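The values are calculated or read from the model by the stated rules, or taken from the named source; none is laboratory data. Predicted model, so just to flag it, every value in this text is computed and none were measured. With ideal geometry, Cβ positions are generated from the backbone for all residues, glycine too; neighbour counts draw on all protein chains shown.
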């Protein structure tokens, strides 16, 4: 969706809508998890859920490719070689900074998905509340998306994402103090994490679209594909690093799979991985992101140059 609009604030609205749809899909997935957990025939249920999910994905891909076509003025304007495309991504100073901070964001988001079941089972001792846990994470993402869209017009994207990272840092730090049966604290913390995570999910891709315009300003080429590829690679790599680190640390401290109870060292490690580590990472990300300088004024200036170039290309094409 990077190329659907070039308007600075309209992009925030666009990715806000996309985030709401994605959160709705995640809640549907949560329903599937509940069905699998409570089913008397888990294999048969898994087959049905997989078939339904596959059909929905196939239909949405078909409808999106039919309804959304590439902009004609962007066609044939990519980099001549893949090495140049990704080299330009690395050389873009705004892009480097954005991807570094996004990697931290993706790392924190991955920690919830991987470690939440461990926290609910071995720290809070309420594994049956895992669905409630996840719902509490996604509710603020639904509820506050319109607010992020509105605030995006009043405050800069940079300030909003900084707020999100600080909220996430505070939320993850609070996770470390969760104890047995401390449901109220846990759900408040998860609500705070959903608040910050939702803001970041709306603002970050909107900033990425602006960074792609800056790349065109430097190179004269459009590289939505290259930037999206790096974006998705970072997201998946962060999930892989989180999973690998979790497995290594839990094995080191003596985690016993499927045990009814774990040692205090294991519980502390679980809370540290889901709480302290992401909190420190988000704090570092917020400090680094203070250097980001691509704002609305600079983006407007970039668009003026890009529009002038487009008019020149049109004039030259007419002359030919």
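Data for the structure
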| quantity | calculated |
| --- | --- |
| Any hit, the range 165-176, residues being modelled with pLDDT of 90 or more, farther than 30 Å from residue 128 by Cβ and touching a helix residue (DSSP H, G or I) at 6+ places or on another chain (Cβ under 7 Å) | yes |
| Residues that are outside any helix (DSSP H, G or I) and surrounded by fewer than 16 Cβ atoms within 10 Å (Cβ to Cβ), drawn from the range 2-26 | 3, 4, 5, 7 |
| Filtered residues of the range 172-195 (kept if assigned to a helix (DSSP H, G or I) and more than 17 Å from the chain's Cα centre (by Cα)) | 173, 174, 175, 183, 184, 185, 186, 187, 188, 189 |
| Positions within the range 262-297 being closer than 29 Å to residue 217 by Cα, in contact (Cβ under 8 Å) with a residue 60 or more places away in the chain and assigned to a helix (DSSP H, G or I), in sequence order | 285, 286, 288, 289, 296 |
| Total residues in the range 69-98, condition under 13 Å from residue 218 (Cβ atoms) and modelled with pLDDT under 85 | 1 |
| Qualifying residue in the range 237-252 (condition: modelled with pLDDT of 90 or more, outside any loop (DSSP other than H, G, I, E, B) and within 21 Å of residue 296 (Cα to Cα)) | no |
| Per-region count, the range 34-72, residues over 18 Å from residue 21 (Cα atoms), within 28 Å of the chain's Cα centre (by Cα) and surrounded by 10 or more Cβ atoms within 10 Å (Cβ to Cβ) | 10 |
| Inter-residue pairs, beta-carbon under 6 Å, first part of a helix (DSSP H, G or I) and in the range 56-71, second surrounded by 10 or more Cβ atoms within 10 Å (Cβ to Cβ), 6+ apart | none |
